[in-house]
Amino acid sequence: MVFEVGRSYYNFKLLMEKEIKEIKGVCRLFSHEKSGARLMHIQTDDDNKVFSITFRTPPTDSTGLPHILEHSVLCGSRKFPSKDPFVELAKGSLNTFLNAMTFSDKTMYPIASRNDKDFVNLMDVYLDAVFYPNIYKKKEILMQEGWHYELNNKEDELKYKGVVYNEMKGAFSSPEQILFRKIQETLFPNTPYRHDSGGDPEVIPDLTYDQFKDYHRQYYHPANSYIHLYGDGDLSEHLKFIDEQYLSAFEKIEVNTQIPIQGAFDEQQEVTVEYPISTNEKEDEKAFLSLNFAVSQSTNPELHLAFDILNNILLGSPAAPLKKALLEAGLGKDVFGSFDYTVLQPVFTVVSKNTNESEKSRFNDVVFSTLKYLVKNGIDKKLIEASINAYEFRLREADFGRYPKGLIYAMKSMESWLHDADPTMHLSYEDSLETIKTALTTNYFEQLIDDYLVNNLHRSLLIVKPKKGLAKEIEDEVYNKLKAYKDSLSEGQLEELIAQTKELQRFQEQPNTQEELEAIPLLALNDIDKEPEKLPLVEKEEQGIKILHSPIFTNEIVYINLLFDTKHISKDLIPYMGLLSYVLGKVSTEKYNYEQLSNEVNIYTGGIYFNTEAYSQMDNDEQFYPKFTLKSAALVKQLPKLIELSKEIIENTLFTEEKRLKEIIQEAKSRLESVILNEGHVVAAKRATSYFSPLGYYQELSTGISFYKFIADLEDNFNSMIEEIKGNLERVKSQIFNKNNLIASVTVDEKDYNAFKDAFKSILSNLKDGNIEKVNLGFEPTALNEGLLTSSKIQYVAKAYNFRKLGFEYKGQMQVLKTIVSLDYLWKKVRVSGGAYGAMAGFSRNGNMYFASYRDPNLKETLEVYDEMNNYISQFEADEREMTKYIIGTISKIDAPLSPSAKGDRAAAYYISGLTYEDLKNERTEILSTKEADIKALAEIVDKLMKENNYCVLGNENKIKQNEEIFNNLVDIFN
Ligand SMILES: [Zn+2]
């Protein structure tokens, strides 16, 4: 259908239409005349369609109102009154993305699907949720999602509970998150950005029900909304639907949510905040120092792009001069930058992590003297070229992982649209990029540094420093506040609180009615493909090496993985192998010093990385294939250079630069710490798996807590161990790179395979011909059941075992059970009633399974929830509709769309694990035919698994110590 500018379609007037070649799409901008809603359409041939509605929601305080509202509107609405339509959609739609996000100035509700019918269903539920939520009728929604007082008996301790309350307690447990949450407050003291839209746990309980309702009434109006439609869907039909079902009921109103500009400062501001560390941790070298600059406005696309690249120039690679200067000055053990363009005045940040507050003026001096030096003497042109190329590669590759392209484009457009500017300005980047490329012959970046950093007083020095016992102090403060409040209450008021607590519990426990559940639209099983997607893989051989070729369209890019088997690496060298993956590519080689090497890699390739991984035999975790992998990407025309650089790193890396090795170890430690603090559920589940599984044990040694402890030990004893470190890196390197243990996987179009073949010829010339006999790791299963102590305010509770060891076989039905228990049983017990942010489950073909909670205020209670799961499963009841729902939800996870490189990786992983297309087909048939009785039959397995009692808890040291009797061992993580 042809659309004409100036004409109206279902009350949507077309304001503008233009082609955007960078995203291979046509963009149209509409205004809904009656309601004032804005709509942006991007037409492409992408079948992964995206819809989203965004509201401008500047916070008025730090109670987290926008965030709590984001959760709450998805808890039932006019047409879909069940308590959790969001969960119902997660259980039973073909969505490829389903979430909601609160930013510091907007709230976004995106969905994506490749199925037309499903897409409209999801859009319907989301629009009804935002415009007609049940929050007005049910106060319990705010209590559950935001915060409430919990009091079960008069003599009990009064407590705060709530999903967002606990989620934010978790967020405020990580010093890095505290740092990034506080930056805006230091730079924008007179605008809404000074507040925390997510919610500060100390302030969340100030939120009242009236404020909550008022905010929705005012801000969730079409006139304050921004709608996105993306993909190959039928625009007319979608416009008609949105108009007739929703927008036509609204009259345009004035909504004053525009965000004001913060005027610049006369002088640099300085702010210090504290974060908790546990009582046994050292305070020394635990502070963060940061300099933050407000850089112009988000409606300047060229500057935006240029600063993204400048961030990489200054801080992004081993060759980055600001990073080098800070590390050389001993300021911090990890140095990084960020450029936050999601706010009206984008923020450039430099961070030195793991240093001391006493260093703050030296930090300030080194940053500015380095910047001034660069302005005066110029930046290395090779580095500029490398940074621009690396950036351009990522732009053209447009691989956003699990995020649909359309969602990324919608988010990009909001950077300008939210502030009433052209929403396409950040999507068409070619012209800006051309201008920026003049930097190769001019002082373009030097001028930016001078104008926006050196001579910019709108900046802050933010210090985040550790304080022992602060967690306890805050806990006591909350305890005293609640105690005083409780003491102030009359008998009658206490009765009322108890009644409210019970009322909320009743609300939470009451199941949805059949009618409520059936209101949520559901596809039929016929809407689903009976066959799994085929991932093409052709086995080839070049130079005697097995090649796994995935012939798929990659847009002139080639992805190469070199997988070196490491079954012959002895146990004492496994952690060194992990260290080697951090070192390669970041130290000098015979031909290049490390700065040159980094520049060469960025100029000619899309990256060369190393990691350690282990693939399980598909049906046996005792048989696994450990690999040391080189992962790389490049344009096809750069293939010879990619192979040459890979060879140079593999063959000629030098381990002689002691100072550089120390920097790499420190940075690795810092990055591992962030993982432990932010992904504790994965860490705890991995640790629990290592108690009984040889595969899990291996993964722990090479990437888990054991590996973190190894790295921490190297850092502490670096000077006395340096010779040992160098020797072991050399040893492990010479054992890994060997022509007898190599297979390669390559993902590239058929037509470009010959280019790969030619380039690959030189790969073996200097590789050794070594022995690769498997070594015995001496693994002995032991249920260590550890409590891993940190200063975190919450826990991650994991329990795991292997069902094959108990004599059970894998069945596709287990994947349906996973959907059922994660989205029904665990969701209700651990999240809704327990107050944790989330809980998950996993069943692998090799028999390993786990349950884990995320940002959980509880500990023992959650373990009990796991132990009682078999009762829930054995009494599980579902009619045909309910079963269909769970089956569809399960299939949607399995069918999640993959980028070309991810397809190649997955095909290779299936090959190594011995998993065939027939296996996948059988699994799918089992899933599609799952019945209530099949689920019930799995109760016995879960019961036996839980009785094996393998668990691990990571989190709050006081909470773990209070439950000491259930652990065999308590381990301090960070000391
Ligand atoms: Zn949240």
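The values are calculated or read from the model by the stated rules, or taken from the named source; none is laboratory data. A quick note: this is a predicted structure, and the numbers were derived from the prediction, not measured. Ideal geometry is used to build each Cβ from the backbone, glycine not excepted, and the neighbour counts take in all protein chains shown. Areas reflect the complete protein model, heavy atoms only, side chains present, ligands, DNA and RNA absent. Shrake-Rupley method; radii C 1.70, N 1.55, O 1.52, S 1.80 Å.
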query: Here are some conditions: (1) at pLDDT 95 or above; (2) surrounded by fewer than 24 Cβ atoms within 10 Å (Cβ to Cβ); (3) more than 23 Å from the chain's Cα centre (by Cα). PHE30 meets all but one. Which one does it not meet?
result: (2)
- request: Could you pull out the residue among VAL682, VAL636 that is touching a strand residue (DSSP E or B) at 6+ places or on another chain (Cβ under 7 Å) and either at negative phi or without any contact (Cβ under 8 Å) to a residue 24 or more places away in the chain (or both)?
  value: VAL636
message: Please verify whether ARG194 is open to solvent by 10 Å² or more (accessible area, probe 1.4 Å), over 17 Å from LEU497 (Cα atoms), within 16 Å of the ligand (Cβ to nearest atom) and free of Cβ contacts under 8 Å to residues at least 24 places away in the same chain, treating the condition exactly as stated.
response: no
field: Pick from segment 927-938, criterion outside any loop (DSSP other than H, G, I, E, B) and open to solvent by less than 60 Å² (accessible area, probe 1.4 Å), ranking: nearest to SER874 (Cα to Cα)
entry: ILE935
field: Residue ID - surrounded by the most Cβ atoms within 10 Å (Cβ to Cβ), chosen from residues in segment 308-326 that are in a helix (DSSP H, G or I) and touching a Lys or Arg at 6+ places or on another chain (Cβ under 8 Å)
entry: LEU314
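Let's see how each residue does on (1) surrounded by 14 or more Cβ atoms within 10 Å (Cβ to Cβ); (2) at pLDDT below 95; (3) assigned by TED's automatic domain parsing to the domain that holds LYS83:
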{"position": "ALA484", "(1), (2), (3)": "no, no, no"}
{"position": "GLN514", "(1), (2), (3)": "no, yes, no"}
{"position": "LEU525", "(1), (2), (3)": "yes, yes, no"}
{"position": "LYS530", "(1), (2), (3)": "no, yes, no"}
- line: Taking segment 365-380 and keeping only residues that are under 16 Å from ASN455 (Cα atoms) and small (Gly, Ala, Ser), one is left with SER369
- prompt: What is the number of the single condition among (1) touching a strand residue (DSSP E or B) at 6+ places or on another chain (Cβ under 9 Å); (2) open to solvent by 20 Å² or more (accessible area, probe 1.4 Å) that PHE756 does not meet?
  reply: (2)
field: Unmet requirement for HIS458, which otherwise passes all of (1) within 32 Å of the chain's Cα centre (by Cα); (2) outside the structural domain of PHE363 (by TED's automatic domain parsing); (3) open to solvent by less than 30 Å² (accessible area, probe 1.4 Å)
entry: (2)
field: Residue satisfying condition, being under 18 Å from ASP422 (Cβ atoms) and of a type outside the set (Val, Ile, Thr), within set LEU331, LEU303
entry: LEU303
query: When ASP919 is evaluated against the numbered criteria (1) touching a residue at least 24 places away in the same chain (Cβ under 8 Å); (2) farther than 22 Å from LEU817 by Cα, which criterion, by number, is the only one it fails?
result: (2)
field: Which listed residue, of PHE553, PHE564, is open to solvent by less than 70 Å² (accessible area, probe 1.4 Å) and touching a residue at least 40 places away in the same chain (Cβ under 8 Å)
entry: PHE564
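Per-residue answers, yes or no, for (1) at pLDDT 95 or above; (2) closer than 30 Å to VAL26 by Cβ; (3) within 30 Å of the chain's Cα centre (by Cα):
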{"residue": "ILE379", "(1), (2), (3)": "yes, no, no"}
{"residue": "ILE384", "(1), (2), (3)": "yes, no, yes"}
{"residue": "LEU395", "(1), (2), (3)": "no, yes, yes"}
{"residue": "ARG402", "(1), (2), (3)": "no, yes, yes"}
{"residue": "GLU446", "(1), (2), (3)": "yes, no, no"}
task: With respect to VAL775, determine if the residue is touching a residue at least 60 places away in the same chain (Cβ under 8 Å), more than 16 Å from the ligand (Cβ to nearest atom) and assigned to a loop (DSSP other than H, G, I, E, B).
output: yes
field: Residue, nearest to the ligand (Cβ to nearest atom), within segment 160-175, restricted to residues that are in contact with a Lys or Arg (Cβ under 8 Å, 6 or more places away or on another chain) and more than 21 Å from ALA287 (Cβ to Cβ)
entry: GLU167
field: Residues located in segment 810-825, provided they are open to solvent by less than 20 Å² (accessible area, probe 1.4 Å) and among the hydrophobic types (A, V, I, L, M, F, W, C)
entry: MET814, VAL816, LEU817, ILE820, VAL821
field: Filter result for THR191 (outside the structural domain of ASP856 (by TED's automatic domain parsing) and either on the phi > 0 side of the Ramachandran plot or touching a strand residue (DSSP E or B) at 6+ places or on another chain (Cβ under 6 Å) (or both))
entry: no
field: Residue check for ILE178: away from the ligand (no atom under 16 Å from the Cβ) and within 28 Å of GLU473 (Cα to Cα)
entry: yes
field: Hits in segment 950-975 (condition: open to solvent by 70 Å² or more (accessible area, probe 1.4 Å) and either basic (Lys, Arg) or in a loop (DSSP other than H, G, I, E, B) (or both))
entry: LYS961, ASN968, ASN975
message: Give me the residue from segment 405-432 that is open to solvent by 20 Å² or more (accessible area, probe 1.4 Å) and part of a helix (DSSP H, G or I) and, out of that set, nearest to ALA112 (Cα to Cα).
response: LYS405
- request: Output the residues belonging to segment 197-230 that are within 16 Å of the ligand (Cβ to nearest atom), assigned to a loop (DSSP other than H, G, I, E, B) and closer than 30 Å to GLU251 by Cβ.
  value: SER197, LEU207
query: Would you pick out the residues in segment 826-838 that are open to solvent by 10 Å² or more (accessible area, probe 1.4 Å) and more than 16 Å from the ligand (Cβ to nearest atom)?
result: LYS828, LYS829, SER833
- request: Look at SER702 and say whether it is of a type in the set (S, T, N, Q), open to solvent by less than 10 Å² (accessible area, probe 1.4 Å) and touching an Asp or Glu at 6+ places or on another chain (Cβ under 6 Å).
  value: no
message: So, in segment 1-44, how many residues would count as being in contact (Cβ under 8 Å) with a residue 12 or more places away in the chain and farther than 17 Å from LEU407 by Cβ?
response: 27
statement: Those residues of segment 709-766 that are more than 30 Å from SER674 (Cβ to Cβ) and of a type in the set (Lys, Arg) come to a total of 4
